[in-house]
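Note sheet for the following structure.
No lab work stands behind these numbers, since they all come straight from the coordinates. Computed from a predicted structure; not experimentally measured. Positions of Cβ are generated from backbone atoms using ideal geometry, with glycine treated the same way; all protein chains shown enter the neighbour counts.
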Amino acid sequence: MSALPRYRYFLAALMFLVRIYAGFVMLVPVLYTADIAVEFGVSSTGVGNYIGFLMWACAAVVLFSGPIVTKFGAKRCCLIGTIFMALGVLATAFTPPNYFLACAFRLVLGLGIVLVTVAVMPITMTWFTSEEYGRVNGVLESSTSIGILLNFWFTPVWFPRPLWREAHLFYGIPAVILAILWAVFGRDPLVQFKEKEEKYFDLLKTRLHKLFGIKEVWLMGGTMWMAMGVSMAIISWIPSYLELEWKWPHATAALLASMYDLINIAGWPLGGTLSDKVGLRRPFFIVAGGMITMCAITAVTFVGPASWIWFGFMGLFTAVYGFGIITILMEHPEIDPELISTAISVTLLFGFLGGAIMPTVFGAILDLTGSLYFAMIIGAALYTLITIFGLLIRETGWKAAAEEK
Amino acid sequence: MRTWVKCVLLVYVIGFIGVALTAYIFGIPEKPIPKGWSEVASDYRDNYLGSPAGFCVFAKSGMPASVYPKAVALILCASEKFANMTDNVVDLIDVRAIMVTYMIDKGYYPGTYVDGCAALKNWESACNVPYELNCTEVVNFINENHEVIVTSIDSCLGE
């Protein structure tokens, strides 16, 4: 039996709620794209930029999250993050019709989300044993998808178009409650990490220099770009595509978008378990990329009952390769334990940049062509790159290692 | 051929069969008729009602500036819903009828539809809207389509 206090389960539940909230609020505006365009007098490119803007905050912080958490303390970081989320959401509710101000508030929300995400890591690491990491991290990592899912299920029902300000006003309340709960019940890591902060930037430079020489870091970065960027763009725009171009009811369009996350959560253990069993990683990338392309094209072309199935399959195949991005880096012989955290941060940086840029690209395609169909097809086609990356990466599974010996 | 290559190929083959079956069963669906705005209604929306025109019509109404964007979004949303339920084209009379119905039914302006329409006529003339507003025509239009107009407004309000 673990000697660690039972309080950790309560702490984990609190962190889970905070992260579900972060996932919930980040995509609320995607359900109101047309209304946002009218209110701020911007084109679809502007709306895409607004949606993706919070990812810029994530991209700006990700490489420096270690020193930030060390300097301010994990508990305080998480509290500040929750307060930022509350401020970002409430400010959005009261945004005057000024697009740049609206983007600034979205940046505050993004900063809150990234602070919360990075702050819970050291808390989990010290309050739980290594035997519990898999379970706890698995639950915490699923929280973003669960939050997105709940948003797509409930927001269109509670706040039909064009009530996006009312939605943000209402969603500000849980953030305030969570901030109070965290201030009272949140805890710092059991062991404090005293990293040599002043040397961090030199260390970072050396590590980046080493990592950029490894092909797999670039390939996994590119894959993360697809995983976070293209998927965020598709998820962000699919409700508008179905609602505006196919006249689906608001709530039904959002429900279809939720299929991706629902099946993705359910299928998450599938890829990793199967891959561990056969001892191979590459085939999962090779199969998933092309299949996601096929699923996405079919879902947006044969719009109707078939879309539900194919969009769900998209989520399933994302689960098939998703586990492998970090796994390949962890197993790579040239990436030692000292380098791994930076390697993961670099990969996430690619993902956040994709998340910031791709929704804007989709909006620009909508402005240029007058239809989101072309954007969806281009996004879908980009997924084939994952298959190509899968052909290029080094096999790191145990079977390959055993064959080498 | 290695086992994993066979498995990958098998998944792709199953995928292609799935796509073919989808195409066979459902066929390529046709998009619903797009909700269009008539030329006059578009001009009214862009140059007298919406943000590019500084929300002129609403500005003349004395409404607080903070609610202009929301009010415009509501009117545009209701006009499109109304068009979807009728002839799929948003005409100027649709927009005007929705504005008058909304302000009278919700109590934002006192009186009857005739009073509301007269007020709208004043605001429009202050904005130099070049399209004549015939209040008899608008009020008749409201009376004929009242239920659909209310449904359109309510669906955009989320009621």
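Annotations for the structure displayed:
- Estimated FRET transfer efficiency (A:Glu132, A:Trp246; beta-carbon r; R0 45 Å; 0.05): 0.50
- Theoretical gain in end-to-end length, B:Asn140 to B:Ala126 [0.36 nm per residue, Cα-Cα removed]: 2.6 nm
- Compactness of the stretch A:7-404 was expressed as the Cα radius of gyration divided by 2.2 N^0.38 Å, which yields 0.96.
- Exposure proxy for A:Ser43, A:Ser275: other Cβ atoms within 10 Å of each Cβ, ordered fewest to most, give A:Ser43, A:Ser275.
- Percent RCO, i.e. relative contact order, over chain B, from Cα pairs under 8 Å lying at least 6 residues apart: 24
- Counted charge near A:Glu216, where neighbours are those whose Cβ lies closer than 12 Å (Asp, Glu -1; Lys, Arg +1): +1
- Computed from label points 7 Å out along Cα-Cβ, the spacing between A:Phe64 and A:Val278 is 4.4 nm.
- With 0.36 nm allotted per residue and the present C-alpha distance subtracted, the A:Trp308-A:Leu101 stretch has 70.8 nm of extension available.
- For the pair the stretch B:114-155 / the stretch A:30-50, the C-alpha centres are spaced 28 Å from each other.
- Rg in Å to one decimal, and Dmax rounded to a whole Å, for chain B via C-alpha atoms: 23.6, 83
- Distance between the C-alpha centres of the stretch A:312-335 and the stretch A:166-193: 31 Å, rounded to the whole angstrom.
- Using R0 = 45 Å, the C-beta based FRET efficiency linking A:Ser371 and A:Thr206 works out to 0.40.
- Estimated FRET transfer efficiency (B:Val67, A:Phe170; beta-carbon r; R0 25 Å; 0.05): 0.85
- Length added when fully stretched, A:Ala402-A:Ala266, from 0.36 nm per residue minus Cα-Cα: 45.8 nm
- Here's how it looks for A:Arg281: its modeled amide H is under 5 Å from those of A:Thr396, A:Gly397, which are all 5 or more places away or on a different chain.
- Number of Lys-Lys pairs in chain A with C-alpha atoms under 14 Å apart and a separation of 8 or more places or on different chains: 4.
- Each of A:Arg281, B:Arg45 has some number of other Cβ atoms within 10 Å of its Cβ, and from fewest to most they run B:Arg45, A:Arg281.
- For residues of A:290-296, the mean tally of beta carbons on other chains within 10 Å: 3
- Nearby aspartates and glutamates by direct alpha-carbon distance to B:Lys106 (threshold 20 angstrom, same-chain neighbours under 8 apart not counted): A:Glu166, B:Glu80, B:Asp94, B:Asp115, B:Glu144, B:Glu147, B:Asp154, B:Glu159
- Its Cα centre serving as origin, the stretch A:7-404 has a Cβ charge dipole (Lys and Arg +1, Asp and Glu -1) of approximately 440 debye.
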